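> Okay, handing you the structure first.
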Ligand code: MG
Ligand code: ZN
């Protein structure tokens, strides 16, 4: 199995306590009654199961694979289903890994005669019996424990008499320790083990572990929750009828778990101007790209259960479908928010026929507003572009860049300077080098924070989104004119696409820090409306398990693409009540215009 760096950080979930478990990736997946699989042996072998169980019956001097003698199929012998394929797999060197493969042979007929026949058959398979990475483990009807050491060196045993003592020489022949789960618990694999059952289970595992052999329960519940629970309890061999699913789940679990160490300091708004009928002077629109309800929930739950965002009282839901698709992309969704018109996926500020549509920034410029855009994407990314550009396809980066240069924006901050290398952006914008330069910037200013896409928070991007938001608000405040500022937390979407829980949540925390700056500004200013929403949800994200106290979330994704679910919208400040309810994303544009109309 590949060693995964994150494995060492993998955090163990128990009822209330989390401890570090570096073992998760060394779990042995046991394909229970493997001969019942559609494709016996190969399915388990190819999909990461390192323990394969086969029941055998001796009949007419043949070793048939079956649970009982009525069900014998003459074609299905231990040779045809297991020994021939395994010998072939070894010959072809399909697995170069050093990991041990356990072939658990569960003898259903008389023990000693069947085992002797098995040994005779095995002599035909030298690659198997001479392999250092194969352990042939006899289970079911076994010889007496004291006789274990009389069998050939390639024969091992499944030890089930945990309570009894065992001699050193017999213990040497033991490959694994097994016991039935049902005698300790009737848990169905959903939710948690009861405290009483958990104690019983922990006690038997502790006892079995004294023998220092891999430990297995049989007759276990067979679900993600169960696989994870048994791993965390220290069960080494995970029993399953779904070896491929079980392997993938446990193997990917470290990436699914986020342990958050950096938090958003929650600001409690004054609510003095909230929802008042006063006309709005300034607008701050914050878009979390891909920031659906589970993204917000997980970010809040790891942040001691609260965000500045979750303090807000005016909340709605928006529908995100595009003109030509059930599931939108950021271009069509950005265009809907910026222009109040549905368009096709990939289209930037143009209608489905490709005709430019005036956006909110152009409209507000005509009404005397200063305008700005901040993003943690490249500045030519689809979301920011929908607020200043008019192009048929989001991939037309150079044309979008030219639209930025010719736009009436007063400020932009984002990544992607490389796109502008041969474009004369300095003729239109004063380019600054740091957030501090914003204080003394003139009326048209640009700040590239990276050559390409900005570094993710988890890879060391500092607090720049919140800092730039704060300084940009000060920049606009100085000018004394009304302003419209768009702030995009772009990479919540990126990590939704990558199915990276830690990435989603760290970008979400970063977003909340920027939201905090906007809400604080609105409280001081008294004439600013703050709107926070998403363009769509990304990843079909859900959060099956977690721990608030330890800031841990297990995330699960149903897709690496966007989904069509509604996304939350929050508003704060005068006219914030306009944003409650359930409506189309295009309505946001009209509600903004309504909020500033006198
Ligand atoms: Mg975006
Ligand atoms: Zn996306």
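The values are calculated or read from the model by the stated rules, or taken from the named source; none is laboratory data. Keep in mind the model is a prediction, meaning the values are calculated, not measured. Heads up, the Cβs are rebuilt from the backbone with ideal geometry, glycines too, and the neighbour counts pull from every protein chain shown.
> Restricting to region 306-315, what's the tally of residues that are buried (at least 24 other Cβ atoms within 10 Å of the Cβ) and either part of a loop (DSSP other than H, G, I, E, B) or over 26 Å from the mean Cα position of the chain (by Cα) (or both)?
Counting residues in region 306-315 that are buried (at least 24 other Cβ atoms within 10 Å of the Cβ) and either part of a loop (DSSP other than H, G, I, E, B) or over 26 Å from the mean Cα position of the chain (by Cα) (or both) gives 2.
> Does at least one position in region 255-262 carry a residue that is within 16 Å of ligand 1 (Cβ to nearest atom) and under 30 Å from residue 544 (Cβ atoms)?
Within region 255-262, not a single residue is within 16 Å of ligand 1 (Cβ to nearest atom) and under 30 Å from residue 544 (Cβ atoms).
> Right, another one. Looking only at region 345-365, filter to residues that are over 26 Å from the mean Cα position of the chain (by Cα) and within 16 Å of ligand 2 (Cβ to nearest atom); which one of those is surrounded by the fewest Cβ atoms within 10 Å (Cβ to Cβ)?
The selected residue is 347.
> If you go through region 75-97 one residue at a time, do you hit one that is within 25 Å of residue 111 (Cβ to Cβ), touching a strand residue (DSSP E or B) at 6+ places or on another chain (Cβ under 8 Å) and in a loop (DSSP other than H, G, I, E, B)?
yes
> Taking the criterion of being over 33 Å from the mean Cα position of the chain (by Cα), closer than 26 Å to residue 337 by Cα, surrounded by 15 or more Cβ atoms within 10 Å (Cβ to Cβ) and within 16 Å of ligand 1 (Cβ to nearest atom), would at least one residue in region 461-471 satisfy it?
There is no residue in region 461-471 that is over 33 Å from the mean Cα position of the chain (by Cα), closer than 26 Å to residue 337 by Cα, surrounded by 15 or more Cβ atoms within 10 Å (Cβ to Cβ) and within 16 Å of ligand 1 (Cβ to nearest atom).
> For residues that are in a loop (DSSP other than H, G, I, E, B) and either touching a helix residue (DSSP H, G or I) at 6+ places or on another chain (Cβ under 6 Å) or not assigned by TED's automatic domain parsing to the domain that holds residue 485 (or both), scanning just region 316-340, find the one that is surrounded by the fewest Cβ atoms within 10 Å (Cβ to Cβ).
Checking each candidate, the answer is 340.
> If we scan region 385-395, do we find a residue that is crowded, with 24+ Cβ neighbours inside 10 Å and assigned to a helix (DSSP H, G or I)?
yes
> May I ask you to say which residue of 517, 488, 471 is closer than 29 Å to residue 271 by Cβ, touching a residue at least 12 places away in the same chain (Cβ under 8 Å) and within 16 Å of ligand 2 (Cβ to nearest atom)?
488
> When you check residue 65 against the structure, is it in contact with a helix residue (DSSP H, G or I) (Cβ under 9 Å, 6 or more places away or on another chain) and within 22 Å of residue 240 (Cβ to Cβ), yes or no?
yes
> Separate question: Give, as residue ranges, the helices (runs of 4 or more DSSP H) completely inside region 461-549 that count at least 2 residues that are closer than 20 Å to residue 588 by Cα and touching a strand residue (DSSP E or B) at 6+ places or on another chain (Cβ under 9 Å).
501-525
> Also, quick follow-up: Among the residues of region 47-90, write down those that are surrounded by fewer than 16 Cβ atoms within 10 Å (Cβ to Cβ) and at positive phi.
60, 61 - these are the residues of region 47-90 that are surrounded by fewer than 16 Cβ atoms within 10 Å (Cβ to Cβ) and at positive phi.
> Within region 341-368, how many residues are part of a helix (DSSP H, G or I) and either in contact with a strand residue (DSSP E or B) (Cβ under 9 Å, 6 or more places away or on another chain) or free of Cβ contacts under 8 Å to residues at least 60 places away in the same chain (or both)?
Matching residues across region 341-368 total 6.
> In contact (Cβ under 8 Å) with a residue 24 or more places away in the chain, within 18 Å of residue 50 (Cβ to Cβ) and surrounded by 14 or more Cβ atoms within 10 Å (Cβ to Cβ): does that describe residue 102?
Considered against the rule, which asks whether it is in contact (Cβ under 8 Å) with a residue 24 or more places away in the chain, within 18 Å of residue 50 (Cβ to Cβ) and surrounded by 14 or more Cβ atoms within 10 Å (Cβ to Cβ), residue 102 comes out as yes.
> Taking the options 248, 303, 291, name whichever one is more than 16 Å from ligand 2 (Cβ to nearest atom), within 24 Å of residue 494 (Cα to Cα) and buried (at least 19 other Cβ atoms within 10 Å of the Cβ).
The unique qualifying residue is 303.
> Any idea how many residues of region 313-336 are touching a residue at least 24 places away in the same chain (Cβ under 8 Å), within 16 Å of ligand 2 (Cβ to nearest atom) and out of contact with any strand residue (DSSP E or B) (no Cβ under 7 Å at 6 or more places or on another chain)?
Of the residues in region 313-336, 6 are touching a residue at least 24 places away in the same chain (Cβ under 8 Å), within 16 Å of ligand 2 (Cβ to nearest atom) and out of contact with any strand residue (DSSP E or B) (no Cβ under 7 Å at 6 or more places or on another chain).
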